[in-house]
Structures are given as structure tokens and as C-alpha cells.
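All remarks here apply to the structure that follows.
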Amino acid sequence: MKKDEDLPVVEGYEPQKKTISILVANLLGVVLFVVVGALLGIPFFYLYGTEDLTSWNTVFPWFLLLCVVGIVVHELVHGITWLLLTHKEFSHLSFGFLPGAVYCHIDVPMPKRQYVIGALMPLLLLGIVPTLVAFCAGSLLWLLLGIVFIVSAVGDMMIVWVIRKEPADVLVYDHPSEAGCYVYHKTAQS
């Protein structure tokens, strides 16, 4: 893992640290789980009833396996999206663990829009899409996976929220050792 002092130097730009608390993200995740679970579960059970609950014992092992696999896929989706948008090689990515979180880090600054797309892509692909599938197919398994992966993107959503007011022309560098990023602003002489 890189240290903060190993930040890339970008001519004409000055970095500013923007991070979030993993503890706060995890606590917010618990609250969000209840809220999202209710907002999605109530209409789902209204539409499809509770018949799927009787088969929960056979579905639960699949649910657990898909949650574990989904954690890895979540981080890969960040990385692959950023690589596609920046046209970089896989060697620019690193993966690991922070206390209370797993992470994917890319070691190149990129335009804000690219960073935000990569940060939110797991929310879309692993959270929102399975939720839509659940409502189309009436699948409790897909609904629960959608809820879990919407909630697991809470840290990503918080980071995007922190940088939401930054100008479109900033560069964003994923923080190498904390949940967040560095925002590179153009200096006065550039």
C-alpha cells in the first residue's frame, strides 16, 4: 500500500485530501439496511406474498456464497471500470483490507467524472440491477442480494457525496490507505 507522501505529482495541480470515516460508513450501512430493506421489502411482499420465505432454508446457503463472491466482484467492478475509463493496465490496481472494509485502489489521477462512474458502478451492477431483477422475477434471493449490495456501496456513495461540489475539471486520485480520495485542483499559475 502506498503512503500519502507517495502521491503522484501532477504539474499545475495541488492535491487536497477528502476522506470518510469507515466507522461512520458502517454505522450508516446498518441504518440504510433497515431503511432500504423496508422500502424495497414492503412493496415486494405486497406484490409477491411471503411464499418464498418457506424455501429460505434452501436459498440461504446460496445467499451467503453470493454475498462473499459479491464482495470480491464489487471491488473488481471498481477496478475494471476505472481501467476501462483511464485506458490503464491491471498493474495500476491494488486490492486489500482496511479495518472494517475491503478496497480497490487505482494509482493514477483521473477526471472527476471517471472516478465517480467507477465509484458508483458496483452500486448499479450489484445493487440496483439485482433489485430490478427481483421485482421482475419475484425472487426473494435477488431482492436480498440487491439490498445487501446497495447497502455495501454506502462508503462509495459517501465519497461521491464528499466530492459532489468539486468542479468538473478537477482530477481525483483514489486514496491509497484510507476511504476517500485526493482532489487535485488547478493552481493559480496553471
Checklist outcome for this item: For segment 132-163 the number of residues that are assigned to a helix (DSSP H, G or I) and within 16 Å of the chain's Cα centre (by Cα) is 16
Item to check | Test: V116 is buried (at least 22 other Cβ atoms within 10 Å of the Cβ), modelled with pLDDT of 95 or more and in contact with a helix residue (DSSP H, G or I) (Cβ under 9 Å, 6 or more places away or on another chain) | outcome: no
Checklist entry - Quick one: L171 ticks every box in (1) under 28 Å from L27 (Cα atoms); (2) in contact (Cβ under 8 Å) with a residue 24 or more places away in the chain bar one, so which box is it? => result (1)
Checklist outcome for this item: All conditions in (1) touching a helix residue (DSSP H, G or I) at 6+ places or on another chain (Cβ under 6 Å); (2) at pLDDT below 95; (3) not in a helix (DSSP H, G or I) are true of V172 except (2)
Next on the checklist: Quick check on this structure: which one of A101, A137, A153 is in contact (Cβ under 8 Å) with a residue 12 or more places away in the chain and within 23 Å of A38 (Cα to Cα)?
Outcome noted: A153
Checklist outcome for this item: Sole miss for H105 among (1) in a helix (DSSP H, G or I); (2) buried (at least 19 other Cβ atoms within 10 Å of the Cβ) is condition (1)
Checklist outcome for this item: When segment 63-83 is checked residue by residue, the ones that are hydrophobic (A, V, I, L, M, F, W, C) and more than 15 Å from F149 (Cβ to Cβ) are I80, W82, L83
Checklist entry - Which of the residues that make up segment 121-178 are among the β-branched types (V, I, T) and under 21 Å from V72 (Cβ atoms)? => result I128, V129, T131, V133, I147, V148, I150, V151, V154, I159
Item to check | In segment 15-52, the residues that are closer than 16 Å to G155 by Cα and among the hydroxyl-bearing types (S, T, Y) | outcome: T19, S21
Checklist entry - Residues V72, V9: which one is of a type in the set (A, V, I, L, M), out of contact with any Asp or Glu (no Cβ under 6 Å at 6 or more places or on another chain), exposed (fewer than 14 other Cβ atoms within 10 Å of the Cβ) and assigned to a loop (DSSP other than H, G, I, E, B)? => result V9
Next on the checklist: Criterion first (at pLDDT 95 or above, closer than 22 Å to L23 by Cα and either assigned to a helix (DSSP H, G or I) or under 18 Å from the mean Cα position of the chain (by Cα) (or both)) does M121 satisfy it?
Outcome noted: no
Checklist entry - Restricting attention to segment 139-151, does a residue exist that is within 30 Å of G12 (Cα to Cα) and not small (G, A, S)? => result no
Next on the checklist: So, in segment 75-91, exactly how many residues are in a helix (DSSP H, G or I) and without any contact (Cβ under 8 Å) to a residue 12 or more places away in the chain?
Outcome noted: 4
Checklist entry - Would you call A25 assigned to a helix (DSSP H, G or I) and modelled with pLDDT of 95 or more? => result no
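The values are calculated or read from the model by the stated rules, or taken from the named source; none is laboratory data. Please read these numbers as outputs of a predicted model, since none were measured by experiment. So basically every Cβ, Gly included, is an ideal-geometry build from the backbone, and we count neighbours across all protein chains shown.
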